[in-house]
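To keep things clear, I will list the structure first and then write my remarks on it.
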């Protein structure tokens, strides 16, 4: 049984079909990449999974059970965490307090929440910034804080939306290392990413979409060599 399954998912906004009959399965323990050009529907798929947007038709299953129609907080409680492409921490609160707030998804006391936050900040290499205001972090730090906040909800499945965007080469390598450590800790990952060095190096399988429709799925090498993916996304000069 797949950990996550999208089954014939459609999402329309008026006359615009943003997600058009997309189906895929994410197996427990894998890193599953979702790629496509800007505006192809990737973040909309994340929003459909988390029910920020109600699905027009189709269904989403998590651990074999339909989550269609649940509230967003119920889906988080069920075990799906996510980050956002545009990071928006609680800017005036400390880094530690940002993660502590998220930890209340699973614990009931401030002591437990702070203990959980401290463990996660160390895991994400943010412990040295624990007392700083979240707004003072550089972009790489804010990206890691976004991940830390999601991890504090103890997800079985983590949706990562462009975690490496805006980072320099050294920071990209650090992001890759963090993503791999998250997988090694037992968390399954569904990731949207435009930096091909990231998505190709960490993904077990990749699903490619364009104009809201599936155009390919397979291993990173298979996807990179797919003619439809090259034409729609990678460009003719790309060598897989």
Scanning region 174-193 for residues that are in contact with a helix residue (DSSP H, G or I) (Cβ under 9 Å, 6 or more places away or on another chain) and either surrounded by fewer than 19 Cβ atoms within 10 Å (Cβ to Cβ) or within 14 Å of residue 140 (Cα to Cα) (or both) gives 174, 175, 176, 178, 179, 180, 181, 183, 185
Scanning region 120-153 residue by residue, the ones that are within 18 Å of residue 104 (Cα to Cα) and in a helix (DSSP H, G or I) total 9
Taking region 65-88 as the region of interest, how many residues are over 14 Å from residue 151 (Cα atoms), surrounded by 18 or more Cβ atoms within 10 Å (Cβ to Cβ) and touching a residue at least 24 places away in the same chain (Cβ under 8 Å)? 2
Just give me the residues in region 154-168 being under 20 Å from residue 33 (Cα atoms) and either at pLDDT below 95 or not in a strand (DSSP E or B) (or both), in sequence order. 155, 156, 162, 163, 164, 165, 166, 167
Helices (runs of 4 or more DSSP H) wholly inside region 1-119 containing at least 2 residues that are over 17 Å from residue 161 (Cα atoms): 72-78, 95-103
Out of (1) part of a helix (DSSP H, G or I); (2) closer than 26 Å to residue 73 by Cα, the odd one out for residue 177 is which? (2)
Selected residue [within 21 Å of the chain's Cα centre (by Cα), buried (at least 16 other Cβ atoms within 10 Å of the Cβ) and in contact (Cβ under 8 Å) with a residue 40 or more places away in the chain] from 47, 98: 98
Of all residues in region 218-233, which are in contact with a helix residue (DSSP H, G or I) (Cβ under 8 Å, 6 or more places away or on another chain) and crowded, with 20+ Cβ neighbours inside 10 Å? 223, 224, 229
Taking residue 137 as the residue in question, decide whether it is under 19 Å from residue 160 (Cβ atoms), buried (at least 17 other Cβ atoms within 10 Å of the Cβ) and more than 16 Å from the chain's Cα centre (by Cα). yes
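The values are calculated or read from the model by the stated rules, or taken from the named source; none is laboratory data. Bear in mind the structure is a predicted one, so any value in this text is a computation, not a measurement. Using ideal geometry, Cβ is built from the backbone for each residue, glycine included, and neighbour counts are taken over all protein chains shown.
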